[in-house]
Amino acid sequence: MQFLAVDMHDGFISSAKELCPHAKIAVDRFHLAQKLNEKFDEVRKEELAKVKGCKEKHEFLEEMLSGSKRFILVERDKDKLPQSDHDDLAKLKMLNENINTAMILVEYFHRLLDRKTVKTFKTGLDKWFGLV
């Protein structure tokens with residue numbers, strides 16, 4: 001059995017299927033994480049638009065959901081963040097259920113990518129997919 005690692009570009013995948021029809025195609029970790037972060041950013045932008053569209057002013061939510069704070073939201077090593085960011089993230093999670101859920105799903109998926117065997121990854125992925 002041959003294995004082929006590709007990024008998620010449709011052209012690469014279709015070419016790989018055509019040229020190597022019996023190979024197992026794998027997408028590398030970087031591109032999986034990149035797509036996941038892109039989807040999270042879409043959720044962040046949707047939630048920011050909702051907040052901006054409210055009659056009530058929500059300065060904290062606007063600031064936390066702004067583009068300048070997006071890296072705090074997806075930081076994997078939360079120990080790198082100062083306590084004030086931890087406090088802000090906790091408050092944000094309490095105030096916005098969709099962001100909280102998206103952050104949980106992102107963190108869970110990154111933990112799946114850290115799994116050491118294909119079997120434990122597949123089992124976890126099935127659970128993650130059920131949550132999504």
Treat every Asp and Glu Cβ in the range 35-84 as -1 and every Lys and Arg Cβ as +1, leave all other atoms uncharged, and give the resulting dipole magnitude about the Cα centre to the nearest 20 debye.
100 debye
Using packing as a proxy for protection, rank 59-69, 113-123 so that the peptide with the highest average count of other Cβ atoms within 10 Å comes first.
59-69, 113-123
Could you name the lysines in cross-link range of Lys57, using Cα to Cα under 22 Å and dropping any fewer than eight places away on the same chain?
Lys45, Lys69, Lys91, Lys93
Would you mind getting the accessible area per residue of the chain, heavy atoms of the protein chains only, 1.4 Å probe, in Å²?
72 Å²
Expressed as a whole percentage, what fraction of the accessible surface of the chain belongs to carbon and sulfur atoms when a 1.4 Å probe is rolled over the protein heavy atoms?
56 percent
When you count, for each residue, the other Cβ atoms within 10 Å and take the mean per peptide, how do 14-20, 47-53 rank with the highest first?
47-53, 14-20
So what's the convex hull volume per residue for the Cα atoms of the chain, in Å³?
134 Å³
Computed magnitude of the charge dipole of the range 4-50 (debye, nearest 20; Cβ of K, R +1, Cβ of D, E -1):
140 debye
Gaussian network model of the chain, springs between alpha carbon atoms under 10 Å - residue of Ile104, Ile72, Ile13 with greatest fluctuation
Ile13
Checking the a/c ratio against 1.5 first, then a/b against b/c, what shape does the Cα gyration tensor give for the range 68-132?
oblate
Rounding to the nearest 20 debye, state how big the charge dipole of the chain is about its Cα centre with +1 on each Lys and Arg Cβ and -1 on each Asp and Glu Cβ.
460 debye
Among Ala90, Ala102, Ala33: highest mean-square fluctuation, GNM of the chain, C-alpha pairs under 10 Å
Ala90
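The values are calculated or read from the model by the stated rules, or taken from the named source; none is laboratory data. Computed from a prediction, not measured in an experiment: that's the story for all the values here. In this analysis, Cβ positions are derived from the backbone assuming ideal geometry, glycine residues included, and neighbour counts consider all displayed protein chains. The accessibility values were calculated without ligands, DNA or RNA, using every heavy atom of the protein model including side chains. Shrake-Rupley method; radii C 1.70, N 1.55, O 1.52, S 1.80 Å.
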